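Down below is the structure, laid out as C-alpha cells.
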Amino acid sequence: MFEAVEELLVEHADLETRLADPSVHADQANARKLAKRYAELTPITRTYRAWKQAGEDIVAARELAAEDPEFIAEVKDSEARREELTEELRLLLVPRDPNDDKDVILEVKAGEGGEESALFAGDLLRMYLRYAERLGWKTEIIDANESDLGGYKDVSVAVKTRGNPEPGHGVWAQLKYEGGVHRVQRVPATESQGRIHTSAAGVLVTPEAEEVEVEIHANDLRIDVYRSSGPGGQSVNTTDSAVRITHLPTGIVASCQNEKSQLQNKEQAMRILRSRLLAAAQEEAEREASDARRSQVRTVDRSERIRTYNFPENRISDHRTGFKSYNLDQVLDGELNAVIQSCVDADAAAKLAAAQEN
C-alpha cells in the first residue's frame, strides 16, 4: 500500500510544478483536469505525511519512555494516532467514483398510493431543496407535473455545486445514494377515519452530462410537441410548447413542459436526455466489466424500498445501512447529513473490504 502512496506523492509534486507554470493555463480544459487530479491527491499526501510523522513520534516517545516511565502514555497516544491515520489512508486509497464531482439531475416520481404518493413526492422534493440550500448548492426545477392537491406526479430538478468541491463532497458524491423507492407511513390528508396508510415515491439520480460526454445524432431523435397541461388536465398554455424527445436507438424518453417557449422546453428535455443516456452507457460499461453499480430501484413498489418515513413515530429508517433516528421532521427540513453519511460509510467499508480481498 505504501509503495503506491510514494508514487502518488511523486505525481502530486509533479502536478504542483506543472500548475505553477502559466503556460499550462492557456489550455483551460487541461488545466482543470490537472487541478482536479491535484485536489484528489492532496488529502492522500497530507495524511501520508502525518502518518510518517506519527511513526517518528512513536520512536522518539519510546526512547524517552526507556528513561522515564511517564512517557509510556505518550507512546500509547502516538501508536493510537498512527493506527487512525493508517485506517484513514486505506480509505483514501480506495478507488473513487469518477462521477463524484459531477452535478446531478434528480427526479422524484409518485408511485403506489395515488394522491397521497404525489403529496409525499412533494415532501421529498422540498427535503432535497432544503438540503441543497444548507450546503450552498444551486437548484433549478427543470420539469414538473403537479397533482390536484399540490403534490407532484413527477418532477425533475438540476442540483449544482458552487465552485470546486473537495473530493467526496460533490453533489453526486452525496446524492447518488438517494436513488430508489422511498416509503411513507402516515395518515393521509384525504383519510377521514384517521387510518395510517403506506405509499411510496421513487427517486432517480443521474450525473448531469456535458454535451461532449454524450454523442447524440439528430437522426436518432423523435421530437414531439404537445400542449402543456396542469393539475386536472386543464390547459395552461394556448400553444403546443411542451416537448417530448425520444432517443430511438435506446427508447429513452425525456420531456419538459415547464417553460413558456418550445425552444426552452426542448433545451431542458435535452439536458435530461443527455444525463439519462450517460447513466445508461455507464451502467452498460460496468455490467460488461462485471463491476456491479449500486442499483437504483426504478419500479415504485412499496415492497422494494431503500428508506421508510414513519410519521406517527417521527422515525426515519434506511434499510440498506440499518440507520435509524427519531427526527423525521428535521430530516424532511433538509437535515440529511447523518442519513447520507451512513450510506457513505457503508459504501467505503464495502469498497475497502473488496480492495483487501484483492
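The values are calculated or read from the model by the stated rules, or taken from the named source; none is laboratory data. Every value quoted in this text rests on a predicted model; they were computed, and no experiment measured them. Virtual Cβ from ideal backbone geometry, glycine too; neighbours counted across all protein chains shown. These accessible areas exclude ligands, DNA and RNA; they are computed on the full protein's heavy atoms, side chains included. Shrake-Rupley method; radii C 1.70, N 1.55, O 1.52, S 1.80 Å.
The set of residues from the stretch 138-166 being touching a helix residue (DSSP H, G or I) at 6+ places or on another chain (Cβ under 6 Å) and hydrophobic (A, V, I, L, M, F, W, C) comprises I142, L149, V155, V159. Residues that are part of a helix (DSSP H, G or I) and open to solvent by 40 Å² or more (accessible area, probe 1.4 Å) within the stretch 102-125 comprise just one, E115.
Residues are listed down the side, and each one gets a yes or a no for (1) part of a loop (DSSP other than H, G, I, E, B); (2) open to solvent by less than 10 Å² (accessible area, probe 1.4 Å); (3) in contact with a strand residue (DSSP E or B) (Cβ under 6 Å, 6 or more places away or on another chain):
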position	(1), (2), (3)
Y131	no, yes, no
I142	no, yes, yes
R162	yes, no, no
E166	yes, no, no
K176	no, no, yes
H182	no, yes, yes
V205	no, yes, yes
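Among the residues here, N99 does not qualify as in contact (Cβ under 8 Å) with a residue 40 or more places away in the chain and within 30 Å of S241 (Cα to Cα). When the stretch 32-64 is limited to residues that are loosely packed, with under 15 Cβ neighbours inside 10 Å and at pLDDT below 90, the one that is nearest to E83 (Cα to Cα) turns out to be R37. Restricting R96, R81 to those that are open to solvent by 50 Å² or more (accessible area, probe 1.4 Å), assigned to a loop (DSSP other than H, G, I, E, B) and among the charged types (D, E, K, R) reduces the list to R96.
The residue that is nearest to R276 (Cα to Cα), counting only those in the stretch 144-155 that are open to solvent by 10 Å² or more (accessible area, probe 1.4 Å) and of a type in the set (G, A, S), is A144.
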